[in-house]
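Okay, structure first, notes after.
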Amino acid sequence: MTSRFPAQPELAGHPYFQFRNNVLYAEDVPLSHLAERLGTPLYVYSRAALKAAWESYRSAVGQRPVLVCYGMKANSNLAVLKEFARLGAGFDIVSGGELKRALAAGADPSRIVFSGVGKQAWEMRNALAAKVKCFNVESEAELRRLSEVAQGMGVRAPVSLRVNPDVDAQTHPYISTGLKENKFGIAIESALDVYRSAQSLPGLEIVGVDCHIGSQLTDISPYFDALEKLLDLIERLAQAGIRINHLDLGGGLGIRYTDETPPSPKALLDHVFERLEARGLGHLHLVLEPGRSLVGNAGVLLTTVQYLKHSEARNFAIVDAAMNDLLRPALYEAFHGIRPVHPRAGQETVYDVVGPVCESADWLARQRKLVIEQGDVLAVESAGAYSMAMASNYNARPRAAEVMVDGDKHYVVRRRETLDDLLKGESTLP
Ligand SMILES: *Cc1c(COP(=O)(O)O)cnc(C)c1O
């Protein structure tokens, strides 16, 4: 028996994004309605998906002493931040701008950790004034600056060193951070010496050890390799009289974009606590900094087919979203699932789905079998992380609107930029 509708493989964001009667829904809202009412390109997030992703961490933590700090660079929309703040999340920030946003969303500063390789003095001052939990420091020069800034304010800055354990996260080179040749962290061989010099600086108080080995990890073994190296370091630190309170393992758990089966927070935490116990370090608190795995599959990007263009070598679907809206394909050759929100029956054609920007790198998906016509609305899957957060105004394109769905309701959480917005802040010579 043939079904009434074309077969629908499960979406990456299932069950928060799923087909009902051949129309794609976000929770209880048909995406075609949102596209009609709000226009495209449009980012659509599911509140229930955010909550479920948070719950996967919360239930894995149980009663254990773990602070989960949302790696907010993945998606720093205020409504997303507010949701996590309400759920009790901490935040991992990488700039003074992210501090501003986190505080505006009601974050508890004592649950904020400040990461990043290039912190400026003003950013340090703002974070010290807010009394953040910890600075994850990445160089000796940064230690000296932080100590001076803290002394100038008459306080001591809580610090961890971000240690580079030299493990291969086996992910895309642009999102691998734990190898020797990366700009991030302090080589693990020098870490003891750098901790000693941190100890000698008057404006600092050592509180932890930090690492972050990369992003979109789909294999758990790099974490375990890094963990053993960090536990060795923590033992050496203790022998040198340097006691720490927490171990921060960073973010990086992957999500399913296509057919990946990323490790779960529980698999990670169970192993980590087993090893902490086994090595007599059961007193340590743990910090995690997940970004992508909390938001990646809680969003889609809606875009409308403007033209179909057939050349000898390729068929192109030219859509109204572009690399300025979603950079990941251009930047990392990333895969995003893509499908019509209202699928039609018919003969499949293989398309490259591309945007209007004047760059050959401006594509969203390549070589996809689709049945589409001009005017159809497509959903780009897994667009909750590193998507709107990386959007720009390249080609003088106003940035997309963002909407959050909650059951059968929807809320515009960032209005579409206007053409007048594009001119803001600029001036010409007299
Ligand atoms: C980007 C980043 C994160 C979040 O990484 P995900 O892969 O999104 O989980 C956490 N910590 C640091 C230091 C980061 O730079």
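Answer yes or no: is there a residue in region 279-289 that is within 16 Å of the ligand (Cβ to nearest atom) and either part of a loop (DSSP other than H, G, I, E, B) or polar (S, T, N, Q) (or both). Outline the logic, then answer.
Residues of region 279-289 within 16 Å of the ligand (Cβ to nearest atom): 286-289.
Filter once more, so that each one left must be either part of a loop (DSSP other than H, G, I, E, B) or polar (S, T, N, Q) (or both): 289.
Yes, there is a match, as at least one residue in region 279-289 is within 16 Å of the ligand (Cβ to nearest atom) and either part of a loop (DSSP other than H, G, I, E, B) or polar (S, T, N, Q) (or both).
Of the numbered conditions (1) over 26 Å from Leu128 (Cβ atoms); (2) within 14 Å of the ligand (Cβ to nearest atom); (3) of a type outside the set (A, V, I, L, M), Ser221 fails exactly one; give the number of that condition.
(2)
State whether one or more residues within region 220-241 are assigned to a loop (DSSP other than H, G, I, E, B), within 18 Å of Arg279 (Cβ to Cβ), in the same structural domain as Gln151 (by TED's automatic domain parsing) and in contact (Cβ under 8 Å) with a residue 12 or more places away in the chain.
Step one: list which residues in region 220-241 are assigned to a loop (DSSP other than H, G, I, E, B), which gives 220, 240-241.
Next, only the ones that are within 18 Å of Arg279 (Cβ to Cβ) stay: 240.
In the following step, the residues that additionally are in the same structural domain as Gln151 (by TED's automatic domain parsing) were identified as 240.
This time we only want the ones that are in contact (Cβ under 8 Å) with a residue 12 or more places away in the chain, so: 240.
So far as region 220-241 goes, yes, one or more of its residues are assigned to a loop (DSSP other than H, G, I, E, B), within 18 Å of Arg279 (Cβ to Cβ), in the same structural domain as Gln151 (by TED's automatic domain parsing) and in contact (Cβ under 8 Å) with a residue 12 or more places away in the chain.
Of the numbered conditions (1) under 27 Å from Ala74 (Cβ atoms); (2) open to solvent by 10 Å² or more (accessible area, probe 1.4 Å); (3) away from the ligand (no atom under 16 Å from the Cβ); (4) at pLDDT 95 or above, Asp362 satisfies every one except a single condition; which is it?
For Asp362, the failing item is (2).
Given the conditions (1) touching a Ser or Thr at 6+ places or on another chain (Cβ under 8 Å); (2) assigned to a helix (DSSP H, G or I), and given that Gly208 satisfies all but one, which numbered condition is not satisfied?
Status for Gly208: all satisfied but (2).
Return the residues of region 15-24 that are closer than 14 Å to Ile338 by Cα and under 25 Å from the mean Cα position of the chain (by Cα); say none if nothing qualifies.
Listed by number, the residues that qualify are Phe17, Gln18, Leu24.
Check region 322-337 and report whether any residue there is modelled with pLDDT of 95 or more and touching a Leu at 6+ places or on another chain (Cβ under 6 Å).
Yes: region 322-337 contains one or more residues that are modelled with pLDDT of 95 or more and touching a Leu at 6+ places or on another chain (Cβ under 6 Å).
Filter region 129-157 down to residues that are open to solvent by less than 20 Å² (accessible area, probe 1.4 Å) and within 14 Å of Pro109 (Cβ to Cβ) and give me whichever is farthest from the chain's Cα centre (by Cα).
This residue is Ala157.
Give me a count of the residues in region 260-271 that are farther than 13 Å from Tyr57 by Cα and touching a Phe, Trp or Tyr at 6+ places or on another chain (Cβ under 8 Å).
1
Identify, from the list Val23, Val44, Val68, the residue that is in contact with an Asp or Glu (Cβ under 9 Å, 6 or more places away or on another chain), among the β-branched types (Val, Ile, Thr), at pLDDT 95 or above and farther than 22 Å from Arg416 by Cβ. Outline the logic, then answer.
Working: Val23 fails: in contact with an Asp or Glu (Cβ under 9 Å, 6 or more places away or on another chain); Val44 fails: farther than 22 Å from Arg416 by Cβ.
Residue meeting the stated conditions: Val68.
Looking at (1) part of a strand (DSSP E or B); (2) touching a Ser or Thr at 6+ places or on another chain (Cβ under 9 Å); (3) within 17 Å of His336 (Cβ to Cβ), find the lone condition where Val350 falls short.
(2)
Here is a list of conditions, (1) away from the ligand (no atom under 16 Å from the Cβ); (2) at pLDDT below 95, and Arg243 meets all of them except one; can you say which number that is?
Of (1) away from the ligand (no atom under 16 Å from the Cβ); (2) at pLDDT below 95, only one is false for Arg243: (2).
Can you name the residue in region 95-110 that is surrounded by fewer than 21 Cβ atoms within 10 Å (Cβ to Cβ) and under 25 Å from Val163 (Cβ atoms) and, of all such residues, is nearest to the ligand (Cβ to nearest atom)? Write out each step before concluding.
The first filter runs over region 95-110 and keeps only residues surrounded by fewer than 21 Cβ atoms within 10 Å (Cβ to Cβ), leaving 95-97, 100-101, 103-106, 108-110.
Within this subset, residues satisfying the condition of being under 25 Å from Val163 (Cβ atoms) are 95-96, 109-110.
Working: Ser95: 11, Gly96: 16, Pro109: 18, Ser110: 18 Å.
Across region 95-110, the extreme among qualifying residues is Ser95.
Which condition does Leu276 not pass, out of (1) buried (at least 19 other Cβ atoms within 10 Å of the Cβ); (2) under 28 Å from Tyr16 (Cα atoms), if it passes all the others?
It fails just one condition, (2).
Exactly one of these conditions fails for Val353: (1) open to solvent by less than 10 Å² (accessible area, probe 1.4 Å); (2) touching a Lys or Arg at 6+ places or on another chain (Cβ under 6 Å). Give me its number.
(2)
The values are calculated or read from the model by the stated rules, or taken from the named source; none is laboratory data. Treat the numbers as computed from the prediction; the structure is a model and nothing was measured. Don't worry about glycine lacking a Cβ; one is built from the backbone with ideal geometry, like all the others, and counts go over all protein chains shown. Note: areas computed on protein heavy atoms with side chains; ligands, DNA, RNA excluded. Shrake-Rupley method; radii C 1.70, N 1.55, O 1.52, S 1.80 Å.
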